[in-house]
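Worksheet for the structure shown next.
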Amino acid sequence: MGAIADILFGRKKKQNTDVYSSIDKQQLPSHVAVIMDGNGRWAKRRGLPRSAGHRAGTERVRTIIRMSSDVGIRYLTLFALSTENWKRPKDEINTLMKLLLEYLRQELHELHERNVRINTLGDISKLPKEVADEIARAKQTTKDNTGLTVNMAINYGARQEIMAAVKKAIADGTSPDSIDEAYLSSLLDTAGQPDPDLMIRTSGEARISNFLLYQMAYAEFYFTDTLWPDFDEAEYAKALKVFAARDRRFGGI
Ligand code: IPE
Ligand code: IPE
Ligand code: MG
(Lines give C-alpha, C1' and ligand atoms only; values in the text may rest on other atoms or scores of the structure.)
(Ligands and ions follow the chains in the order given, each with its own letter.)
Protein backbone atom coordinates (compact mmCIF):
# COMPACT_ATOMS: atom_id res chain seq x y z
CA MET A 1 0.00 0.00 0.00
CA GLY A 2 2.94 2.29 0.68
CA ALA A 3 3.96 2.19 -2.95
CA ILE A 4 0.46 3.03 -4.14
CA ALA A 5 0.21 5.90 -1.68
CA ASP A 6 3.56 7.21 -2.94
CA ILE A 7 2.23 7.16 -6.48
CA LEU A 8 -1.12 8.76 -5.61
CA PHE A 9 0.46 11.55 -3.63
CA GLY A 10 3.11 12.14 -6.25
CA ARG A 11 6.01 11.21 -3.99
CA LYS A 12 8.97 10.39 -6.19
CA LYS A 13 10.24 6.87 -5.81
CA LYS A 14 13.96 6.26 -5.91
CA GLN A 15 15.10 4.62 -9.12
CA ASN A 16 15.57 0.87 -8.59
CA THR A 17 18.91 0.20 -10.25
CA ASP A 18 19.24 -3.40 -8.96
CA VAL A 19 18.13 -4.83 -12.29
CA TYR A 20 20.57 -2.79 -14.39
CA SER A 21 23.33 -5.40 -14.08
CA SER A 22 21.06 -8.00 -15.75
CA ILE A 23 20.90 -5.93 -18.96
CA ASP A 24 23.20 -6.83 -21.85
CA LYS A 25 24.42 -3.45 -23.13
CA GLN A 26 25.59 -5.02 -26.39
CA GLN A 27 22.08 -6.16 -27.27
CA LEU A 28 20.09 -3.02 -26.54
CA PRO A 29 17.50 -1.68 -28.97
CA SER A 30 18.38 1.78 -30.32
CA HIS A 31 14.77 2.82 -30.30
CA VAL A 32 12.06 1.60 -27.94
CA ALA A 33 8.41 2.52 -28.57
CA VAL A 34 5.81 2.03 -25.85
CA ILE A 35 2.02 1.90 -25.86
CA MET A 36 1.40 2.80 -22.23
CA ASP A 37 -1.93 1.08 -21.72
CA GLY A 38 -4.00 -0.07 -18.74
CA ASN A 39 -4.17 2.99 -16.48
CA GLY A 40 -7.97 2.83 -16.29
CA ARG A 41 -8.07 -0.86 -15.40
CA TRP A 42 -5.33 -0.40 -12.80
CA ALA A 43 -7.48 2.19 -11.06
CA LYS A 44 -10.71 0.22 -11.42
CA ARG A 45 -9.16 -2.83 -9.74
CA ARG A 46 -8.40 -0.65 -6.74
CA GLY A 47 -11.80 1.00 -6.66
CA LEU A 48 -10.22 4.30 -7.66
CA PRO A 49 -11.25 6.80 -10.35
CA ARG A 50 -9.54 6.48 -13.74
CA SER A 51 -7.68 9.72 -13.05
CA ALA A 52 -5.78 7.94 -10.25
CA GLY A 53 -4.62 5.39 -12.81
CA HIS A 54 -3.35 8.13 -15.09
CA ARG A 55 -1.51 9.74 -12.21
CA ALA A 56 0.09 6.41 -11.32
CA GLY A 57 0.99 5.99 -14.99
CA THR A 58 2.86 9.29 -14.95
CA GLU A 59 5.14 7.88 -12.28
CA ARG A 60 6.06 5.04 -14.63
CA VAL A 61 6.88 7.55 -17.34
CA ARG A 62 9.52 8.89 -14.97
CA THR A 63 10.80 5.38 -14.26
CA ILE A 64 11.09 4.36 -17.89
CA ILE A 65 12.70 7.60 -19.06
CA ARG A 66 15.28 7.43 -16.27
CA MET A 67 16.08 3.80 -16.89
CA SER A 68 16.31 4.28 -20.66
CA SER A 69 18.72 7.14 -20.15
CA ASP A 70 20.72 5.22 -17.51
CA VAL A 71 21.23 2.10 -19.63
CA GLY A 72 22.02 4.01 -22.83
CA ILE A 73 18.97 3.69 -25.07
CA ARG A 74 19.09 6.38 -27.78
CA TYR A 75 15.40 6.88 -28.63
CA LEU A 76 12.26 6.31 -26.59
CA THR A 77 8.79 6.94 -27.99
CA LEU A 78 5.91 7.09 -25.53
CA PHE A 79 2.31 6.95 -26.78
CA ALA A 80 0.53 9.37 -24.45
CA LEU A 81 -2.59 10.36 -26.43
CA SER A 82 -3.92 9.00 -29.70
CA THR A 83 -6.01 10.86 -32.27
CA GLU A 84 -8.80 8.47 -31.26
CA ASN A 85 -8.55 9.23 -27.52
CA TRP A 86 -10.53 12.48 -28.03
CA LYS A 87 -13.60 10.23 -27.94
CA ARG A 88 -13.17 9.96 -24.17
CA PRO A 89 -15.24 12.00 -21.70
CA LYS A 90 -14.20 15.62 -21.43
CA ASP A 91 -13.14 15.33 -17.80
CA GLU A 92 -10.78 12.46 -18.57
CA ILE A 93 -9.17 14.52 -21.36
CA ASN A 94 -8.86 17.42 -18.93
CA THR A 95 -7.14 15.15 -16.40
CA LEU A 96 -4.68 13.95 -19.03
CA MET A 97 -3.88 17.54 -20.03
CA LYS A 98 -3.43 18.55 -16.41
CA LEU A 99 -1.08 15.64 -15.75
CA LEU A 100 0.93 16.38 -18.86
CA LEU A 101 1.35 19.97 -17.80
CA GLU A 102 2.28 18.97 -14.26
CA TYR A 103 4.73 16.36 -15.52
CA LEU A 104 6.57 18.79 -17.81
CA ARG A 105 6.72 21.49 -15.14
CA GLN A 106 8.08 19.09 -12.53
CA GLU A 107 10.46 17.12 -14.72
CA LEU A 108 11.96 19.55 -17.20
CA HIS A 109 14.85 20.40 -14.91
CA GLU A 110 15.82 16.77 -14.32
CA LEU A 111 15.34 15.84 -17.99
CA HIS A 112 17.61 18.68 -19.05
CA GLU A 113 20.22 17.69 -16.46
CA ARG A 114 20.13 14.18 -17.82
CA ASN A 115 20.89 15.53 -21.30
CA VAL A 116 17.49 14.28 -22.55
CA ARG A 117 16.06 15.84 -25.71
CA ILE A 118 12.29 16.24 -25.73
CA ASN A 119 10.51 15.83 -29.03
CA THR A 120 6.87 15.27 -29.97
CA LEU A 121 5.01 13.20 -32.54
CA GLY A 122 1.51 14.30 -33.54
CA ASP A 123 -0.27 17.61 -33.93
CA ILE A 124 0.26 19.50 -30.71
CA SER A 125 -1.32 22.69 -32.08
CA LYS A 126 -4.69 21.13 -31.22
CA LEU A 127 -3.84 20.98 -27.50
CA PRO A 128 -4.89 23.65 -24.98
CA LYS A 129 -2.54 26.63 -25.39
CA GLU A 130 -1.07 26.27 -21.91
CA VAL A 131 -0.04 22.68 -22.66
CA ALA A 132 1.25 23.46 -26.15
CA ASP A 133 3.33 26.33 -24.72
CA GLU A 134 4.86 24.12 -22.03
CA ILE A 135 5.73 21.48 -24.63
CA ALA A 136 7.32 24.13 -26.83
CA ARG A 137 9.36 25.32 -23.84
CA ALA A 138 10.55 21.77 -23.07
CA LYS A 139 11.58 21.23 -26.67
CA GLN A 140 13.36 24.55 -26.89
CA THR A 141 15.21 24.04 -23.60
CA THR A 142 16.44 20.56 -24.52
CA LYS A 143 16.93 20.92 -28.27
CA ASP A 144 20.74 20.73 -28.17
CA ASN A 145 20.92 17.84 -25.72
CA THR A 146 22.76 14.79 -27.00
CA GLY A 147 21.54 12.00 -24.71
CA LEU A 148 18.29 10.07 -24.90
CA THR A 149 15.67 11.47 -27.28
CA VAL A 150 12.15 11.13 -25.87
CA ASN A 151 9.36 11.35 -28.44
CA MET A 152 6.10 12.08 -26.70
CA ALA A 153 3.32 10.99 -29.04
CA ILE A 154 0.46 13.32 -28.20
CA ASN A 155 -2.61 13.66 -30.42
CA TYR A 156 -0.71 11.21 -32.59
CA GLY A 157 -2.13 8.82 -35.17
CA ALA A 158 0.00 6.95 -37.70
CA ARG A 159 -2.56 7.20 -40.50
CA GLN A 160 -2.79 10.96 -40.02
CA GLU A 161 1.01 11.14 -40.01
CA ILE A 162 1.22 9.22 -43.30
CA MET A 163 -1.55 11.32 -44.85
CA ALA A 164 0.27 14.51 -43.87
CA ALA A 165 3.46 13.14 -45.47
CA VAL A 166 1.64 12.41 -48.73
CA LYS A 167 0.10 15.88 -48.75
CA LYS A 168 3.50 17.45 -48.16
CA ALA A 169 5.09 15.47 -50.98
CA ILE A 170 2.37 16.61 -53.37
CA ALA A 171 2.47 20.21 -52.17
CA ASP A 172 6.24 20.22 -52.72
CA GLY A 173 5.68 19.07 -56.31
CA THR A 174 7.76 15.93 -55.77
CA SER A 175 7.89 13.75 -58.86
CA PRO A 176 6.83 10.11 -58.34
CA ASP A 177 10.26 8.89 -59.46
CA SER A 178 12.03 10.64 -56.62
CA ILE A 179 9.88 9.06 -53.92
CA ASP A 180 11.77 6.33 -52.11
CA GLU A 181 11.71 4.96 -48.55
CA ALA A 182 14.29 7.44 -47.28
CA TYR A 183 12.30 10.35 -48.67
CA LEU A 184 9.03 9.12 -47.20
CA SER A 185 10.73 8.60 -43.80
CA SER A 186 12.01 12.15 -43.92
CA LEU A 187 8.43 13.46 -44.11
CA LEU A 188 7.28 11.62 -40.99
CA ASP A 189 7.35 13.05 -37.46
CA THR A 190 10.27 10.70 -36.69
CA ALA A 191 12.44 12.17 -39.49
CA GLY A 192 16.11 11.49 -38.96
CA GLN A 193 15.55 8.83 -36.31
CA PRO A 194 16.11 5.08 -36.55
CA ASP A 195 12.94 2.98 -36.72
CA PRO A 196 11.82 1.38 -33.44
CA ASP A 197 13.56 -1.93 -32.79
CA LEU A 198 11.28 -2.87 -29.93
CA MET A 199 7.62 -2.06 -29.36
CA ILE A 200 6.21 -2.71 -25.91
CA ARG A 201 2.47 -2.73 -25.18
CA THR A 202 1.23 -3.20 -21.65
CA SER A 203 -2.18 -4.33 -20.35
CA GLY A 204 -2.68 -7.46 -22.45
CA GLU A 205 -4.09 -5.85 -25.60
CA ALA A 206 -2.42 -7.26 -28.71
CA ARG A 207 -3.00 -4.46 -31.20
CA ILE A 208 -1.19 -1.42 -32.57
CA SER A 209 -4.00 1.15 -32.18
CA ASN A 210 -2.72 3.47 -34.95
CA PHE A 211 0.83 3.73 -33.59
CA LEU A 212 3.89 4.13 -35.86
CA LEU A 213 2.48 1.99 -38.68
CA TYR A 214 5.21 2.88 -41.18
CA GLN A 215 8.16 2.86 -38.78
CA MET A 216 7.38 -0.49 -37.13
CA ALA A 217 7.70 -2.61 -40.28
CA TYR A 218 10.47 -4.65 -38.62
CA ALA A 219 10.05 -3.87 -34.94
CA GLU A 220 10.04 -6.72 -32.44
CA PHE A 221 6.74 -6.74 -30.53
CA TYR A 222 6.55 -7.41 -26.81
CA PHE A 223 3.10 -7.71 -25.26
CA THR A 224 2.68 -8.06 -21.51
CA ASP A 225 -0.39 -8.39 -19.31
CA THR A 226 1.20 -6.03 -16.79
CA LEU A 227 -0.74 -2.78 -16.56
CA TRP A 228 1.20 0.41 -17.28
CA PRO A 229 1.24 1.72 -13.66
CA ASP A 230 2.88 -1.60 -12.65
CA PHE A 231 5.49 -1.52 -15.41
CA ASP A 232 8.57 -0.93 -13.27
CA GLU A 233 12.32 -1.35 -13.76
CA ALA A 234 12.14 -5.15 -13.42
CA GLU A 235 9.38 -5.34 -16.05
CA TYR A 236 11.36 -3.16 -18.43
CA ALA A 237 14.49 -5.25 -17.86
CA LYS A 238 12.44 -8.35 -18.71
CA ALA A 239 11.30 -6.81 -22.00
CA LEU A 240 14.88 -5.84 -22.90
CA LYS A 241 16.02 -9.38 -22.12
CA VAL A 242 13.36 -10.89 -24.39
CA PHE A 243 14.41 -8.47 -27.12
CA ALA A 244 18.07 -9.43 -26.73
CA ALA A 245 17.16 -13.08 -27.30
CA ARG A 246 15.15 -12.45 -30.49
CA ASP A 247 16.57 -13.57 -33.82
CA ARG A 248 16.00 -10.68 -36.23
CA ARG A 249 16.27 -11.80 -39.84
CA PHE A 250 14.75 -8.88 -41.75
CA GLY A 251 13.60 -11.27 -44.43
CA GLY A 252 16.94 -13.01 -44.71
CA ILE A 253 17.79 -16.49 -43.45
C1 IPE B 1 -3.63 4.32 -21.29
O2 IPE B 1 -4.51 3.79 -20.34
C3 IPE B 1 -3.57 5.82 -21.25
C4 IPE B 1 -4.19 6.51 -22.39
C5 IPE B 1 -4.75 5.96 -23.43
C6 IPE B 1 -4.19 7.96 -22.33
P7 IPE B 1 -6.06 3.68 -20.61
O8 IPE B 1 -6.70 4.92 -20.14
O9 IPE B 1 -6.32 3.32 -22.02
O10 IPE B 1 -6.43 2.48 -19.65
P11 IPE B 1 -7.43 1.30 -19.94
O12 IPE B 1 -7.02 0.67 -21.24
O13 IPE B 1 -8.80 1.91 -20.01
O14 IPE B 1 -7.26 0.36 -18.80
C1 IPE C 1 -3.58 3.40 -27.13
O2 IPE C 1 -4.35 2.99 -26.03
C3 IPE C 1 -3.23 4.83 -27.00
C4 IPE C 1 -2.35 5.20 -25.88
C5 IPE C 1 -1.78 4.39 -25.03
C6 IPE C 1 -2.10 6.59 -25.73
P7 IPE C 1 -5.95 2.92 -26.11
O8 IPE C 1 -6.39 2.42 -24.79
O9 IPE C 1 -6.48 4.21 -26.57
O10 IPE C 1 -6.17 1.84 -27.27
P11 IPE C 1 -7.43 0.91 -27.60
O12 IPE C 1 -8.64 1.79 -27.64
O13 IPE C 1 -7.50 -0.12 -26.53
O14 IPE C 1 -7.09 0.31 -28.92
MG1 MG D 1 -6.50 1.56 -23.01
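Provide the gained length on full extension for the span D225 to A171, in nm with one decimal, where the gain is 0.36 nm per separating residue minus the Cα-Cα distance. It would help to have the intermediate numbers written out before the result.
Details: separation 54, 0.36 × 54 = 19.44 nm, distance 4.37 nm.
My answer for the length gained is 15.1 nm.
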Fill in the blank from the handout: For A136, the net charge from surrounding residues (Cβ-Cβ under 12 Å; K, R +1; D, E -1) works out to +1
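Could you sort R114, R249 by their accessible area in this structure, using a 1.4 Å probe and putting the largest first? Mind showing how you got there, number by number?
Working: R114 70, R249 130 Å².
Ranked from most to least accessible, the order is R249, R114.
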Fill in the blank from the handout: Listed by chain and number, the lysines with an alpha carbon less than 25 angstrom from that of K241, same-chain partners under 8 positions apart left out, are K13, K14, K25
Handout entry: region 1-156 - charge dipole about Cα centre, Lys and Arg +1 at Cβ, Asp and Glu -1, debye rounded to 20
Key = 400 debye
Problem - Those aspartates and glutamates that a straight Cα-Cα span of less than 19 Å connects to K44, excepting residues fewer than 8 apart in one chain - result: D6, E59, D91, E92, E205, D225, D230
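When a/c is below 1.5 the answer is rounded, else prolate if a/b is larger than b/c, else oblate, so apply that to region 104-160 with a ≥ b ≥ c taken from the square roots of the Cα gyration tensor eigenvalues. Walk me through the numbers on the way to the answer.
Working: a/c = 2.59, a/b = 1.48, b/c = 1.74.
The shape class here is oblate.
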Handout entry: Cross-link reach list, lysines versus K87, counting only Cα pairs under 17 Å and skipping chain neighbours closer than eight places
Key = K126
Handout entry: Packing-based ranking, highest mean first, of 88-95, 150-157 given that Cβ atoms within 10 Å are counted
Key = 150-157, 88-95
Fill in the blank from the handout: Computed, not fitted: 222 nm per-residue ellipticity of the chain from DSSP H runs ≥ 4 (each -39500 (n - 2.57)), nearest 500, equal to -13500 deg cm²/dmol
Exercise for the section: Express in whole angstrom the spacing between the alpha-carbon centres of region 36-94 and region 185-204. Expected result: 18 Å
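With a probe of 1.4 Å, find how much accessible area the chain has per residue, and write the answer as a whole number in Å².
Ligands and nucleic acids excluded, the result is 50 Å² per residue.
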Practice task
May I ask you to list the residues of region 113-129 whose amide nitrogen lies under 18 Å from a point 7 Å from Cα along the Cα→beta-carbon direction of E102?
Solution key: 128
Handout entry: Segment I93-I162, extension gain: residue separation times 0.36 nm, minus the distance between their alpha carbons
Key = 22.4 nm
Fill in the blank from the handout: With all protein chains present and a 1.4 Å probe, the order of F211, F221 from largest accessible area down is F221, F211
Problem - Top of H109, H31, H54 by mean-square fluctuation, Gaussian network on the chain, Cα under 10 Å - result: H109
Handout entry: For W86, solvent-accessible area (1.4 Å; no DNA, RNA or ligand), Å²
Key = 100 Å²
Exercise for the section: Write down, largest first, the equivalent ellipsoid semi-axes of the chain in whole Å, where each equals the square root of 5 times an eigenvalue of the alpha-carbon gyration tensor. Expected result: 28, 23, 18
Exercise for the section: Grab the Cα-Cα distance for S209 and E84, subtract it from 0.36 nm times how many residues apart they are, and report the gain in nm with one decimal. Expected result: 44.1 nm
Handout entry: Cut-off under 5 Å, modelled amide H: who pairs with L213 long-range
Key = A158
Completion exercise
The percentage of the accessible area of the chain (probe 1.4 Å, all protein chains present) made up of carbon and sulfur atoms, to the nearest whole number, is 52 percent
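Which order do L187, L81 take when ranked by solvent-accessible area (1.4 Å probe, heavy atoms of all protein chains), largest first? Mind showing how you got there, number by number?
On the way: L187 30, L81 5 Å².
Reading off the accessible areas and sorting them downward yields L187, L81.
The values are calculated or read from the model by the stated rules, or taken from the named source; none is laboratory data. Note that the structure is a prediction, hence the values are computed from the model and not measured. FYI the Cβ positions are ideal-geometry reconstructions off the backbone, even for glycines, and counts take in every protein chain you see. SASA here: full protein model, heavy atoms, side chains in, ligands and nucleic acids out. Shrake-Rupley method; radii C 1.70, N 1.55, O 1.52, S 1.80 Å.
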